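A short reminder: the numbers here are calculations on the coordinates, not readings from a lab. Since we're looking at a predicted model, the values are computed, not measured. In this analysis, Cβ positions are derived from the backbone assuming ideal geometry, glycine residues included, and neighbour counts consider all displayed protein chains.
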Amino acid sequence: MAAPSPKEDNSKETLNNQLSKLESEVRWCTQHPNDVSDIEMQQLKESVDELNNRCKTFGGQFYKDFQNFRKDFDYMADHPNEIKTGDFQKFEDMIQQLLRDLK
């Protein structure tokens, strides 16, 4: 099996870094659900939007899983009054699964 090209490695590493950063931000929200402002939710949504193009390049099941995460996350971001206690934990778990799938 051929080794991935340096460009693929770099792209994968960049995506991994972005997902890890998003995971850290969502973890903070998990730990402080009552302190999450509308501005922070908008910033998280923008981060997820930026990840979309990177995830799209990987395609396949990984991109489908990301799309499921994004759909659920976008709904939550658009309806902040409906956020339940475990929602941020659910998103953190989904990001962790994406990180495992990326390896």
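So if I check each of Lys84, Lys21, Lys71, which one is outside any helix (DSSP H, G or I) and loosely packed, with under 14 Cβ neighbours inside 10 Å?
Lys84
Could you check, for the range 42-49, whether at least one of its residues is among the charged types (D, E, K, R), loosely packed, with under 13 Cβ neighbours inside 10 Å and closer than 17 Å to Glu23 by Cβ?
Yes, the range 42-49 has at least one match.
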